[in-house]
1. Please go through (1) touching a residue at least 24 places away in the same chain (Cβ under 8 Å); (2) farther than 19 Å from B:G280 by Cα; (3) of a type outside the set (A, V, I, L, M, F, W, C) for B:G237 and return the number of the only condition it doesn't satisfy.
2. Quick one: in the stretch B:167-221, which of the residues that are of a type in the set (D, E) and more than 14 Å from chain A (Cβ to nearest Cβ) is least open to solvent (accessible area, probe 1.4 Å)?
3. Hey, could you check the stretch A:223-241 for residues that are among the hydrophobic types (A, V, I, L, M, F, W, C) and open to solvent by 10 Å² or more (accessible area, probe 1.4 Å) and say which is nearest to A:L286 (Cα to Cα)?
4. Here is a check on your reading of the model: is A:M113 at pLDDT 90 or above, more than 28 Å from B:L139 (Cβ to Cβ), of a type outside the set (G, A, S) and surrounded by fewer than 19 Cβ atoms within 10 Å (Cβ to Cβ)?
5. Do we find that B:D334 is farther than 19 Å from B:I62 by Cβ, in the same structural domain as B:P134 (by TED's automatic domain parsing) and surrounded by fewer than 16 Cβ atoms within 10 Å (Cβ to Cβ) in this structure?
6. Could you please give the count of residues in the stretch B:52-65 that are within 14 Å of another protein chain (Cβ to nearest Cβ) and of a type in the set (G, A, S)?
7. Just to verify a result, which residue in the stretch A:203-235, among those that are in contact with a strand residue (DSSP E or B) (Cβ under 7 Å, 6 or more places away or on another chain) and of a type in the set (A, V, I, L, M, F, W, C), is nearest to A:V104 (Cα to Cα)?
8. Give me the residue from the stretch A:136-147 that is hydrophobic (A, V, I, L, M, F, W, C) and open to solvent by less than 50 Å² (accessible area, probe 1.4 Å) and, out of that set, farthest from the other protein chains (Cβ to nearest Cβ).
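The values are calculated or read from the model by the stated rules, or taken from the named source; none is laboratory data. All values derive from a computational prediction rather than experimental measurement. Cβ placement follows ideal geometry from the backbone for every residue including glycine, while neighbour counts extend to all protein chains displayed. SASA here: full protein model, heavy atoms, side chains in, ligands and nucleic acids out. Shrake-Rupley method; radii C 1.70, N 1.55, O 1.52, S 1.80 Å.
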Amino acid sequence: MGWRREAAPLLVLLATMAALPFLVGESDVYLANDFLITALFAMSFNLLLGQAGMLSFGHAAFYGLGAYTVALLYSKLGVPIVPGILAAPLVAGVMALAIGFFVVRLEGMYFAMLSLSFAQLIFSVVSSWYSFTGGDNGLPVSPPDWLLPTNAYYYFTLAVVSVCIGLLFLVRRSTFGAALAAIRENPQRAAYLGLNVRVYQLAAFVLAGALAGVAGSLRSPLQQMAFPSLLYWTQSADPVLMTLAGGVGAFIGPIVGAALFVLLTFVVTSHTDYPLFAFGAVVLVLVLFLPKGIVGTVEGWWDRRRAKPAPATPPQAAHAAAQQEGSRP
Amino acid sequence: MTSFGTLTRRGVTALLAAALGAGAFTGAQAQQPPIKIGLTTDLTGIAAAYARGQVNGVELAIAEINAAGGIMGRKLELLVRDSQLRPELGTSHTRDLITREKVDFLIGPDASSVGVAVSAVAKQYKKVVVMTIPNTPRLVGELYHPHFFTIVPSGTMLARAMAEGLDKKYKSIAFIGGDYEASHQAVKYFGDWLAKVNPEAKITNTQWPKLGEPDFTPYITQLLSSKPDLIFSYLWGSDLIAFIKQAKSYGLFERTKFATLLFLDDLRALGSEMPDGILGQMYAPPFGTKGGKMDTFIQAFNAKYNAYPSDWAVMAYDGMMLLAQGIKAANSVDQEAVRTALEGIKYEGLQGGVTTFREVDHQGNVPSFLGVTGKDDKLPFKTLVDIKRIEADKVWPTPQEILAERK
């Protein structure tokens, strides 16, 4: 897949998001801000699942750590939020290194379960250490006056998220990204070719954790509060669902999934009495009819349309073939 | 005759608007826009029943105010959003209510965690908010801001009231509470107050089941093995119901005295299974106040919703009526004018007495109640008999204590 084809929708999206405050009201800008942060969280997760084939059920730990880094620095040491946001990926990254050291030794379901356990451990500490974290009612944090207006914080978020997604884009196209893809497709063969599988997986885990930390650090000033629920296991399920809904194989898949979930949550809880019913119905439709996710399905449809006149190996088929082969060592 | 004319015109306009499929209200009120009240509450999740009682209480108050002609000739309109017990949704919806729906005032959410989030948004946008369920002491402490008002007895007040109201004969006290912030605070404030009013009493055993614990057997045996004179429980909702059902089979209620935080919803859910003789502490039970406005309220509530009102409905109704009185007194929807009006308000509510707010933390001087469970022939569930009303000024933290918490 050419890099232009992957970069073009990103640039269109960036332009749209940059123009948004001129087109819609304050409340929608706030919602868009929520979306940007959620999108970065889901994108950082997909570096693990989509790129490296690691299904983590504990990704919210790093998201929450980012949020609490900003809130703790602010309320305990009086550090303003911008240095806090710079510190967040370091804290989340260091924690990801410590946890990753253990979890990358495991595979598949065991990896998922251990990452979940570590995340719940951190959640327990945060939610019950009342004197330090404020416990389950959260820890307040206030943006400075210049970031308080909705539009100002929106552009700030847009800049940070764009840089981070740009970084993920470069990683995906780098040799490091290619090595992760090789490990995803066939870890044995990758190891046989001389790749140190554990080190690559650990590096991906740390990078994903640090970027989730950035997303979290943008979240707590937006809500003016860090909450333990940001670290709870249900929060870890969100990026899994968003990524699957949007499309795990496509770079912008998690962005589309995040947009869907943020909008759906907001609309459904504003206007219906049965939000869980609505969510269930949407997930059911996605799983039954769009198993490759929204972006995956659209891409497939696009490729088939283009492939019709000249049925020479479409890229999607080649990709599928590679996957087929990969699953049988 | 003017009012007759207006009514008819409104009626016709409303019919026309409805026929056109447009919002009838906006059509009819084109000249006089309604005063909008925003309510973000947890209509989904374990506290959903409380939220429903709250919405009904506010709705009933608004219906009565509108039937009497509204305020300054303007009707009140209620906008409800579901925060699902998620603070981040509480923030999003409250902001949306302020910036998109342009609500004039906020009325309190449900869970304390969402209350904290809503209060932060109210602070940012300088919107008056009246809280009717959340009661974490942090709201009046470190998170206080001048646009915040509460008519809920705070966690501190309740825990102290429990210690205050207990007979001095209970010396050895065991504690059980869900493992979360509110009950950790409760046992602390309870213990501190106990040391003051009954210095010989000691907390000899504490148990912390997780919220939503299905099996209380180990906790029940632990509690009984310490042979306490009294067990103080901070369990509520489904946890309390499960605990009581399981503890009955161990004969816990025959072997020791049991004192618990109690919501009307729990009394209703347990029905005749609720043992007699339990000491119950309640926020604002309708049966805690006899006669007067409360009887009228219970009848009106029953007529509208075919149900007996809960504590939450009582406080929500009072919160809305009190806010309305503030707007009337200010004769404006200006936030600062209404804030000033509320600071000086003297509101005569459902629970008798006069509700005022104190300057230091805008805590309303609301009572709490302590009684013993028993049967009332007029109600289909157990009630409290022999009710003690504990006034706020006996137990609320002094202004010095509040200021010390904000440091």
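1. (2)
2. B:E213
3. Going through the qualifying residues, I end up with A:L241.
4. Yes: the conditions hold for A:M113.
5. yes
6. Within the stretch B:52-65, residues that are within 14 Å of another protein chain (Cβ to nearest Cβ) and of a type in the set (G, A, S) number 0.
7. Selected residue: A:A226.
8. Top of the filtered list is A:L147.
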